[in-house]
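So the structure is just underneath, and the comments pick up after that.
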Amino acid sequence: MKKKILIILLIVIVIALIGVGYFVFTDMGQEEKLKTELSELDQLVNAENINMDEVNNRLNRIVTTGDYAVVEEAFKSYLKENFDNSIEIANILNNEKMTTLLTVENYQNDGKDFAESKEYITNAKVTLEDCKNKYTEFLTEEKAMSYINDKGLDSYYIDLYKNEIVGDMSSASQDTTVQDSIDEVIEILNTSEEVLNLLSENQESWEIDGENIVFDSESLSNQYNELIKSL
């Protein structure tokens with residue numbers, strides 16, 4: 001009888017060990033799948049020519065299961081919002097309107113009050129300031145962790161997200177290249193606004209002659225040229 005009980009106990013232990021081994025193996029597979037997915041996504045985002053369709057496809061899918069899926073979804077949500085913010089910045093910087101504000105063509109089409117151009121400048125500056133603040137916030141650990149802290153996960157998955165997926169953000173947060181570039185664009189917009197204000201406040205003192213703007217006052221011409229040179 002004792003021998004029979006011992007055999008039964010051994011069988012139970014073996015089954016338990018097999019079960020534990022199965023879950024450990026499965027977890028290892030899910031973690032590897034997660035790391036591979038995020039590594040490939042990182043390569044796509046940092047490619048010289050970004051394939052937006054493929055990036056969005058990766059950001060909108062979940063390839064893992066269980067708690068790893070929660071980690072994956074949290075990080076991809078963080079990346080997606082960060083990426084969307086960066087795209088909004090790029091859209092403003094690549095907007096043709098940005099480069100045509102101070103052209104003779106725009107002076108003819110939107111002068112002499114320049115209402116449309118001034119509205120564009122105001123909206124662009126507000127959007128860029130907002131995007132800059134969001135970009136800075138995204139580079140903080142607090143912001144990155146906000147996507148996973150309320151998911152009720154074990155500390156292992158929190159640490160996985162923090163240490164191996166998000167990583168050390170200190171160097172990224174100290175790099176102000178993007179913020180400085182946005183500030184430079186805002187300064188250009190400010191100067192462009194000054195030029196348009198100068199022209200709209202002196203509507204009777206200038207006209208378009210062919211491909212040039214001509215002033216009837218040397219003082220006004222000098223003010224205009226100084227602003228243009230500062231760009």
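The values are calculated or read from the model by the stated rules, or taken from the named source; none is laboratory data. Note that this is a predicted model, so its numbers are computed, not measured. Note that we place each Cβ from the backbone using ideal geometry, even for glycine, and neighbour counts take in every protein chain shown. Note: accessible area is taken over every heavy atom of the protein model, side chains too, but ligands, DNA and RNA are not part of it. Shrake-Rupley method; radii C 1.70, N 1.55, O 1.52, S 1.80 Å.
Quick notes
- Residue satisfying all of: in the stretch 81-101; open to solvent by 50 Å² or more (accessible area, probe 1.4 Å) and in contact (Cβ under 8 Å) with a residue 40 or more places away in the chain; nearest to N202 (Cα to Cα) among these: L93
- Residues that are open to solvent by 30 Å² or more (accessible area, probe 1.4 Å), in contact (Cβ under 8 Å) with a residue 12 or more places away in the chain and either among the β-branched types (V, I, T) or touching a Gly at 6+ places or on another chain (Cβ under 7 Å) (or both), drawn from the stretch 167-203: V178, I188
- Condition met for V104 (of a type outside the set (S, T, Y), more than 23 Å from I182 (Cβ to Cβ) and in contact with a strand residue (DSSP E or B) (Cβ under 8 Å, 6 or more places away or on another chain)): yes
- Single match in K151, K162 (criterion: of a type in the set (D, E, K, R), in contact (Cβ under 8 Å) with a residue 40 or more places away in the chain, surrounded by 13 or more Cβ atoms within 10 Å (Cβ to Cβ) and closer than 20 Å to K80 by Cβ): K151
- Qualifying residue in the stretch 67-79 (condition: among the basic types (K, R) and crowded, with 19+ Cβ neighbours inside 10 Å): yes
- Options S117, S86; residue that is polar (S, T, N, Q), assigned to a helix (DSSP H, G or I) and closer than 30 Å to Y161 by Cβ: S86
- Test for V104: is it surrounded by 13 or more Cβ atoms within 10 Å (Cβ to Cβ), touching a residue at least 24 places away in the same chain (Cβ under 8 Å) and under 25 Å from I208 (Cβ atoms): yes
- Hey, A74 within 17 Å of the chain's Cα centre (by Cα), assigned to a helix (DSSP H, G or I) and within 30 Å of E207 (Cα to Cα) or not: no
- The one condition in (1) over 25 Å from N51 (Cα atoms); (2) in a helix (DSSP H, G or I) that N149 fails to fulfil: (2)
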